[in-house]
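Here is the structure we will look at, set down as structure tokens.
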Amino acid sequence: MSAPLDKSNPVSIRSSNVSAASALGDAYYNGSGVPQDYSTAAIWYSLAASHDDLVSEYHLAVMYSAGLGVQRNNSKAFYWFNKAAHSGNVAAELAIAEAYANGEGVGQDQKKASYWYKKAADSGNVTAQTKIALRYADGIGIKKNQHIAKQYFHEAASKGDPVAELNLGNFFQKGVAVHENAAQAVFWWMQSAKQGNSEAQNALA
């Protein structure tokens, strides 16, 4: 039987209490059963994350990124996003792709950004699918390939991403990696425009 977790003394955590510490982090973060307290949530997440708890690593990274309960620190956010990403957390994969793309908390590196966007995209993340499609289309951090770009745009557009819908419409309108098809262009622009995308709305005007 694991030792009981002393809620009044976070530093008393043992490896067997990691799940409980993560759960307490959730409780304080969401105000579930206890008053919402981001600072206390960060303490519990930090303790669980230090024992390689994947969910806590991600939540702690989000808190450092947003400055919730801790002083905002992009370097620490990247550290924890990176740990979570290397353990297979798809949201963290997207986060470090963004960090490399924008040079936040780490040196800007477009090749690494594309690597992580693709990894998250291949795990089904729709935002990453659109991002890597744009990179294949323009050759940013990865070899330009309009056919692969079209595949990712189509996958993301099929899930309702308005930017992917816009770009897929553009591909059909220009005949890029597909046969030129005005009807398909209008169809995808309409899907994007319905979600408020101004470029798609202008394309239909």
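Just so it is clear, none of the values below were taken in a lab; they were calculated from the coordinates. Values in this document were obtained by computation on a predicted structure and should not be read as measured data. For neighbour counting, all protein chains shown are included, and Cβ atoms are generated from backbone atoms with ideal geometry for every residue, glycine included.
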Problem - Hits among lysines - C-alpha to C-alpha of Lys194 under 29 Å, sequence gap 8 or more where chains match - result: Lys118, Lys131, Lys150, Lys159, Lys174
Handout entry: Cβ-defined net charge surrounding Thr127, 15 Å radius [Lys, Arg +1; Asp, Glu -1]
Key = -1
Completion exercise
In whole Hz, the Karplus estimates of ³J(HN,Hα) for the stretch 59-66 (6.51, -1.76, 1.60; θ = phi - 60°; x where Gly or Pro) are 4, 5, 4, 4, 5, 5, 5, 9
Completion exercise
Taking Lys and Arg as +1 and Asp and Glu as -1, residues besides Gln191 with C-beta under 10 Å from its C-beta add up to -1
Problem - Projected label distance in nm at Ser198 and Ser19, using a 7 Å step from Cα toward the beta-carbon - result: 5.0 nm
Handout entry: Two-site label geometry, Lys143 and Ser75: point separation in nm, points 7 Å out along Cα→Cβ
Key = 3.7 nm
Completion exercise
Here the Cα Rg-to-2.2 N^0.38 Å ratio for the chain is 1.27
Practice task
Would you list which aspartates and glutamates come within 20 Å of Lys112, measuring only between C-alpha atoms, while excluding same-chain residues fewer than 8 positions from it?
Solution key: Glu93, Glu98, Glu104, Asp122, Asp138
Practice task
Using only alpha carbon pairs under 8 Å that are at least six residues apart, calculate the relative contact order of the chain and give it in whole percent.
Solution key: 9 percent
Practice task
For every helix of n ≥ 4 consecutive DSSP H residues, a contribution of -39,500 (n - 2.57) applies; sum these over the chain, divide by its total residues, and give [θ] at 222 nm rounded to the nearest 500 deg cm²/dmol.
Solution key: -21000 deg cm²/dmol
